[in-house]
Amino acid sequence: MKTALQKTTTDDPSVDSETGGAYSKVFNTSKYDLKTVSGRMNALLDFADEYAPPDDGRSRQLAEEFNCSKSGAKNWVLKNSLPTRKQLHQIVETQLLKISGNFHPAAVVAWIEHGDAVTCPFV
């Protein structure tokens, strides 16, 4: 399974050796348990590719970026707790701005909230 970014074998780190273009992000379905809220939240955050690992600073980054408590953010990424609907929409919309592609925020929110009951919008 590919990681969040495809790696290159060229000397130029900004060029993807397979396509000749810039790195392309790939949704990683194997790193987290997508049957859990935290797994889906972490998969989205990894796809955006701007956060520390879940157990090493991610909650601090989220708390700062979304103006919430560190313990609340920790619950989102480690303890299967959902943020408020307003916070979740803000998180999803912010992450989608960082991801190339045409993903509908409502579909991503529904996937994070309901998991297997809805289709994953990234695969």
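Give the residue that is farthest from F27 (Cα to Cα), with candidates limited to residues of the range 103-123 that are β-branched (V, I, T) and outside any helix (DSSP H, G or I). Per the stated criteria, the residue is V118. The set of residues in the range 27-36 being at pLDDT 80 or above and over 12 Å from the mean Cα position of the chain (by Cα) consists of D33, K35, T36.
Of the residues making up the range 79-95, those that are buried (at least 16 other Cβ atoms within 10 Å of the Cβ) and either in contact with a Ser or Thr (Cβ under 7 Å, 6 or more places away or on another chain) or without any contact (Cβ under 8 Å) to a residue 24 or more places away in the chain (or both) are P83, Q87. Scanning the range 35-72 for residues that are crowded, with 16+ Cβ neighbours inside 10 Å, aliphatic (A, V, I, L, M) and more than 19 Å from D116 (Cα to Cα) gives A48, L62, A63.
Look at (1) among the polar types (S, T, N, Q); (2) within 15 Å of the chain's Cα centre (by Cα); (3) part of a helix (DSSP H, G or I) and you find that S100 fails only one, number (3). Among the conditions (1) at pLDDT 50 or above; (2) farther than 11 Å from Q95 by Cβ, the only one that D49 does not satisfy is (2).
Taken together, A52, A63, A43 contain a single residue that is assigned to a loop (DSSP other than H, G, I, E, B) and of a type outside the set (D, E), which is A52.
The values are calculated or read from the model by the stated rules, or taken from the named source; none is laboratory data. From a predicted model like this one, the values you see are computed outputs, not experimental measurements. In this analysis, Cβ positions are derived from the backbone assuming ideal geometry, glycine residues included, and neighbour counts consider all displayed protein chains.
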